[in-house]
């Protein structure tokens, strides 16, 4: 406040406004982004009396500038003098809420919503609500669209007469003749319902909901599905059947697949909102239909919800419902023609085992898991493998191991390197669940084979995988199984494989400990310092730097130091550089 | 989403044998045959509607219309129309073969019947006819395999039931074109709802279907005066949705890459827009030409709020020629629209897409070709500021396109008339480019342009040349001043931010900052009055 009532010509506004008017858009944008700085320099009073009128009157500009302006004004309350004066921000935001560009409009509405909270109840009625009304009755659809987002923020804090007006305006917009406005109203219907008194929800919102849910345009109808969740949550159980269910049933069987997709996508929320009784009687058959829908998009969305839906079924007859109604559909989806559907199912199907328990899992689910493990689409197989932990808890992974192995092997050799990468990432988890014996017997070869994959990302992931395995199975295991193989690669004719040895040593030395590192790894690294490929030699320097801290000082001084000194005089400048770096990091100079 | 990318080429090597699966199959960069086949399967698609109907009943052939006695023809015609309401699954090519063939033959016969006979369209047949048409063509289009479908580039997914649907469209056209056709009766059936459903079909990827739709929409527009305003409004809505919802949505999608299916759900396919743009531009233009001046507000709004913003579309190249034609038609009809149109184009001027910039320049030239000198005066300053930027564009095609304006006799005459305004705007860029542009063709063109401009007003040209350096220095100085101003303002902000933190309730106090910056403030105050 001191800024405003003291020397009020702190900065000549003309200079600042010149900046806001600069011909170069980029400079104009920069100025607008620092609008708060300008306001600060002007002080609160001049911001109100000079800057804001200027912004309201003279700025018509590129959308990018307007977007920045709309955002800035949302944080301007303090800069105009606090909540008492916050309504000064309404005129510029009002005109921004009517522009064509969606991004700008949305931002203006966001800012308006924000500052609405800073209005006193009186100001809300005197300044804010009239603005909402003007927007709601604007000529062009953009202002009416914007109005839709503002009803819910002012409704709770105004008098009952004004409330009635707001409800009336919202009603009008729900039957607007442009679909853009109806879509905006439909998308805010749930939010608006939440702030209304229950009686009005029943009398007003339900009729709007019913109308929007049977709109001629499917893009409007599908938004009503979203509102359905909020509305159903608000109503007492005894009213749901008569007020919400007819519309929901109709949406689940809509002729447009987009609407059915939306129902499938929101199914868990809908299920929670309508409660156990209606779920049993209505949603179970509806869900069955969605799982059998003629469009793959809908089936995939429903398949994604299988686990959640089953989990949230009323416990008293959950198992019976799943076994008689859901599982038959799931069985069919396992051999669906669309890979997205199968893949969606594979990502949740394992979760059913915890719900159904050991016996049912073995009898009914296991065959499905096994079928999906053999699916032709790698994503399906991967999704099964990545969720193995769910089954492990219920029946143990051994039940699956017979089929698991071929599936893993096939994924491990998939032609797409991203598939191979994905399966490597599950190896430590699998190893933990399958145990060391099974691993040694079946998977160890795979893990070693990845080390010489022709894609670097795979070799890198394989190295990291070895480290995690050693952390799991211990140094002794490492010494017996993987270290000899890794070190053997040091003599490979391909320099990329020789480098892999070094990368493995970098990763493993810490987990293997000083003894193995000094006795087995170090000699190999030192020997490689004579490699004829410079890339190998400078990686030797890098490796020595990396494993240095694991070694004792004797080995460092007598073995590492001479080799690094020799490399520091190498003919290749990269080798020299990394050798010198290692010498200085290990403090050997 | 799709975490798995398309196959990457993989070199054949380094494969160790460790399992029974043959190595060659694994390193082979191609996906296995079974997978390829699965992907190709959906080249044609059916509607997602017929499956919700009960299974089709087998059809039995009815006697030929031409063999029936004239008293019974009407009754038989109706029966045949009803028979054709039966829908079949065309994705299963062996199902109901006999019935499909009967329906096809019947449809052919119906097409023939309404196009060759007079007096067959009695009032009672209208509901049957429209019912048959609606049942067959109005269907929910299935999700698109390719949400970014481009009708020019991409292989379309063809409608599986085309053998029937084509004949139904044919029948609809013949029905509308029949000399006995009476819009006053038909309007009870071909109503707003009919038009809406028809427009939704423009999303079809099948180009044969879109062709029929275009022609049919034109016929309906021509015959049903009462529907014209409605059709225009709905087309408007489609465009507006595309500009303000879909394109916006696409832009966000490409950033955050959410679930692919959502794209299908929310998007209106781009091909609808292109197709409507192409087909409707001409009808809109003919409407415009038909109207008396002044143009109705509705049409001006269409120009300013639909056609101009459509220039921002991602796939502008696919319909720019039509769009530009349409805009120019408007300006020829009402030249007073020139200024807002050019300002609109300047507002949406492409910032990063050179290809689009070339298109915009082309459109500007088309507009300048028909511009009235008085209108030119109104818009010359902002316009030539943009042109001067284009001339200096590092992309040579943009620079070249802009420089070609100087080959246009009419534009040259306009420039000459206003040389005292145009030359000062253009001079800086041209002079700089003549020294700096990397492309020799551009430099040569710039020299020619400079020469032309010099001949137009030699004195002004000399003045500008001699003041060029001073002008640039002045600009630099101004820039320095701006930097300084902002630096000071930033300091002010930082110190008040610190204050706000100490004093979270009160307003930031500026008093001590003012003291500290007193001198700077005084300096600024002195500069200001001059400006």
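Things worth noting here:
- Any hit, region B:500-511, residues being out of contact with any helix residue (DSSP H, G or I) (no Cβ under 6 Å at 6 or more places or on another chain), modelled with pLDDT under 70, part of a helix (DSSP H, G or I) and surrounded by fewer than 12 Cβ atoms within 10 Å (Cβ to Cβ): yes
- Any hit, region A:273-282, residues being closer than 29 Å to residue A:172 by Cβ, away from every other protein chain (no Cβ under 11 Å) and surrounded by 23 or more Cβ atoms within 10 Å (Cβ to Cβ): no
- Subset of region A:174-186 (residues that are crowded, with 19+ Cβ neighbours inside 10 Å and more than 18 Å from residue A:100 (Cα to Cα)): A:174, A:186
- Residue match in region B:459-468 (condition: closer than 18 Å to residue B:412 by Cβ and either within 37 Å of the chain's Cα centre (by Cα) or part of a helix (DSSP H, G or I) (or both)): yes
- Among helices (runs of 4 or more DSSP H) entirely within region B:256-335, having at least 2 residues that are at pLDDT 75 or above singles out B:297-301, B:320-333.
- Some residue of region A:81-95 being without any contact (Cβ under 8 Å) to a residue 60 or more places away in the chain and under 26 Å from residue B:386 (Cα atoms): no
- Within the span defined as region B:326-340, one or more residues are in contact (Cβ under 8 Å) with a residue 24 or more places away in the chain and closer than 30 Å to residue B:454 by Cα.
- When residues of region A:89-106 are limited to those that are more than 30 Å from the chain's Cα centre (by Cα) and assigned to a helix (DSSP H, G or I), the one farthest from the other protein chains (Cβ to nearest Cβ): A:91
- Filter pass, residue A:260 being more than 22 Å from the chain's Cα centre (by Cα), at the interface with another protein chain (Cβ under 10 Å from one of its Cβ atoms) and modelled with pLDDT of 90 or more: yes
- Which listed residue is in contact (Cβ under 8 Å) with a residue 24 or more places away in the chain and either within 14 Å of another protein chain (Cβ to nearest Cβ) or not in a helix (DSSP H, G or I) (or both), from A:184, A:193, A:211: A:184
- Set side by side, the residues A:362, A:424, A:384, A:349 differ, and just one is in a helix (DSSP H, G or I), touching a residue at least 12 places away in the same chain (Cβ under 8 Å) and over 30 Å from the mean Cα position of the chain (by Cα), which is A:362.
- Qualifying residue in region A:47-59 (condition: closer than 23 Å to residue B:348 by Cβ and outside any helix (DSSP H, G or I)): yes
- Test result for residue A:580, out of contact with any strand residue (DSSP E or B) (no Cβ under 8 Å at 6 or more places or on another chain) and modelled with pLDDT under 90: no
- Long-range neighbours under 8 Å by Cβ, at least six apart or interchain, first residue free of Cβ contacts under 8 Å to residues at least 12 places away in the same chain and within 11 Å of chain B (Cβ to nearest Cβ) within region A:453-465, second assigned to a loop (DSSP other than H, G, I, E, B) and surrounded by fewer than 21 Cβ atoms within 10 Å (Cβ to Cβ): A:454/B:10; A:454/B:11; A:454/B:13; A:454/B:14
- Filtered by the rule that a residue be within 11 Å of residue A:382 (Cα to Cα) and either buried (at least 24 other Cβ atoms within 10 Å of the Cβ) or at the interface with chain B (Cβ under 9 Å from one of its Cβ atoms) (or both), region A:336-351 gives A:343, A:346.
- Scan of region A:387-413 for residues that are assigned to a loop (DSSP other than H, G, I, E, B) and either under 27 Å from the mean Cα position of the chain (by Cα) or more than 14 Å from chain B (Cβ to nearest Cβ) (or both), ordered by number: A:387, A:396, A:397
- Sole exception among (1) assigned to a helix (DSSP H, G or I); (2) over 23 Å from residue A:62 (Cα atoms); (3) under 35 Å from the mean Cα position of the chain (by Cα); (4) in contact (Cβ under 8 Å) with a residue 12 or more places away in the chain for residue B:413, by number: (4)
- Residue list for region A:283-299, filter: within 14 Å of chain B (Cβ to nearest Cβ), more than 19 Å from residue A:213 (Cβ to Cβ) and surrounded by 19 or more Cβ atoms within 10 Å (Cβ to Cβ): A:295, A:296, A:297, A:299
- Residue count for region A:66-88, restricted to those that are within 12 Å of chain B (Cβ to nearest Cβ) and in a loop (DSSP other than H, G, I, E, B): 3
- For the condition within 14 Å of another protein chain (Cβ to nearest Cβ) and either surrounded by fewer than 16 Cβ atoms within 10 Å (Cβ to Cβ) or assigned to a helix (DSSP H, G or I) (or both), residue A:513 does not qualify.
- Among (1) in contact with a helix residue (DSSP H, G or I) (Cβ under 8 Å, 6 or more places away or on another chain); (2) assigned to a helix (DSSP H, G or I); (3) over 24 Å from residue A:279 (Cα atoms), the one test that residue A:336 misses: (2)
- Per-region count, region B:426-458, residues assigned to a loop (DSSP other than H, G, I, E, B) and under 14 Å from residue B:390 (Cα atoms): 1
- Taken over region A:119-137, the criterion of being surrounded by fewer than 17 Cβ atoms within 10 Å (Cβ to Cβ) and outside any helix (DSSP H, G or I) is satisfied by A:120, A:137.
- Test: residue in region B:201-214 that is under 19 Å from the mean Cα position of the chain (by Cα), within 14 Å of chain A (Cβ to nearest Cβ), at pLDDT 85 or above and in a helix (DSSP H, G or I): yes
- Unique match (being under 20 Å from residue A:270 (Cα atoms) and surrounded by fewer than 22 Cβ atoms within 10 Å (Cβ to Cβ)) among A:332, A:376, A:311: A:311
- Of the residues making up region B:87-104, those that are free of Cβ contacts under 8 Å to residues at least 12 places away in the same chain and in a helix (DSSP H, G or I) are B:97, B:101.
- Residue match in region A:131-139 (condition: within 30 Å of residue B:196 (Cα to Cα) and free of Cβ contacts under 8 Å to residues at least 24 places away in the same chain): yes
The values are calculated or read from the model by the stated rules, or taken from the named source; none is laboratory data. Please read these numbers as outputs of a predicted model, since none were measured by experiment. Note that each Cβ is placed from the backbone with ideal geometry, even for glycine, and that neighbours are counted across all protein chains shown.
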